[in-house]
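Written out below as C-alpha cells is the structure these notes cover.
The values are calculated or read from the model by the stated rules, or taken from the named source; none is laboratory data. The structure presented is a predicted model; accordingly, all values stated were derived computationally and were not measured. Here the Cβ positions follow ideal geometry from the backbone for every residue, glycine too, while neighbour counts run over all protein chains shown.
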Amino acid sequence: MAESIIAQRRITLVNSTFTAASGGTVDFGTFPSDRFSRIIGTFSVVGSFTFRHQFGVTSGTYLVSSTTVVNSGGSVFDQIQYGLFLNLGFTAVVSSAPVVYIAGEPIR
C-alpha cells in the first residue's frame, strides 16, 4: 500500500456545528495559508448566513475581503487563495446549528 504524502492532503481549518444568536457573528480565527492554493468547504444550513473570508500578507491586515451568502440546504465553496493569512467567519447568521467544513487545498 502506498504511503500518504502529508503535503498532498487537505488541511482541515474548521469542522464544526455551532450556534449563534440570530443576526450574530461567528469568528473562526486567522490561519497561516501560504501553503494553500485554494480554500474549499461545505455548508449545511437551515436558514441563512454570510460566509466571510479575508486574505492578507500579515495577520490582522487584510487586502482582500469577500463574502458569500449561504441559503438553506447544502452548499459547496471553492475559492482561489490569495494571501499569506486567511481570516474566516460568519456574519448575519439566521440559522439553527449550521454544519461547517472548511479546508485548505495544498499547492501541488
Matching entry among Gly41, Gly83, Gly104, Gly89 (being assigned to a loop (DSSP other than H, G, I, E, B) and either surrounded by 16 or more Cβ atoms within 10 Å (Cβ to Cβ) or among the hydroxyl-bearing types (Ser, Thr, Tyr) (or both)): Gly83
Matching entry among Thr68, Thr12, Thr30, Thr61 (being touching a Lys or Arg at 6+ places or on another chain (Cβ under 9 Å) and among the β-branched types (Val, Ile, Thr)): Thr68
Number of positions in the range 71-80 that are surrounded by 12 or more Cβ atoms within 10 Å (Cβ to Cβ), within 12 Å of the chain's Cα centre (by Cα) and without any contact (Cβ under 8 Å) to a residue 40 or more places away in the chain: 1
Pick from the range 17-38, criterion loosely packed, with under 12 Cβ neighbours inside 10 Å and out of contact with any Leu (no Cβ under 9 Å at 6 or more places or on another chain), ranking: farthest from Pro98 (Cα to Cα): Gly23
Among (1) outside any loop (DSSP other than H, G, I, E, B); (2) free of Cβ contacts under 8 Å to residues at least 60 places away in the same chain; (3) at negative phi; (4) not hydrophobic (A, V, I, L, M, F, W, C) - the single one Asp27 does not satisfy: (2)
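Residue check: is Gly47 part of a strand (DSSP E or B) and either more than 17 Å from the chain's Cα centre (by Cα) or among the charged types (D, E, K, R) (or both)? Give the derivation first.
Details: part of a strand (DSSP E or B): yes; either more than 17 Å from the chain's Cα centre (by Cα) or among the charged types (D, E, K, R) (or both): yes.
Taking the combined requirement at face value, the residue satisfies it.
Would you mind finding the one in Phe90, Phe43, Phe85, Phe55 that is farther than 16 Å from Thr17 by Cβ, in contact with a Pro (Cβ under 9 Å, 6 or more places away or on another chain) and either without any contact (Cβ under 8 Å) to a residue 12 or more places away in the chain or not hydroxyl-bearing (Ser, Thr, Tyr) (or both)?
On the way: Phe90 fails: farther than 16 Å from Thr17 by Cβ; Phe43 fails: farther than 16 Å from Thr17 by Cβ; Phe55 fails: in contact with a Pro (Cβ under 9 Å, 6 or more places away or on another chain).
That would be Phe85, the only listed residue that is farther than 16 Å from Thr17 by Cβ, in contact with a Pro (Cβ under 9 Å, 6 or more places away or on another chain) and either without any contact (Cβ under 8 Å) to a residue 12 or more places away in the chain or not hydroxyl-bearing (Ser, Thr, Tyr) (or both).
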Among (1) under 19 Å from Ala97 (Cα atoms); (2) at pLDDT below 85; (3) outside any loop (DSSP other than H, G, I, E, B) - the single one Ala7 does not satisfy: (1)
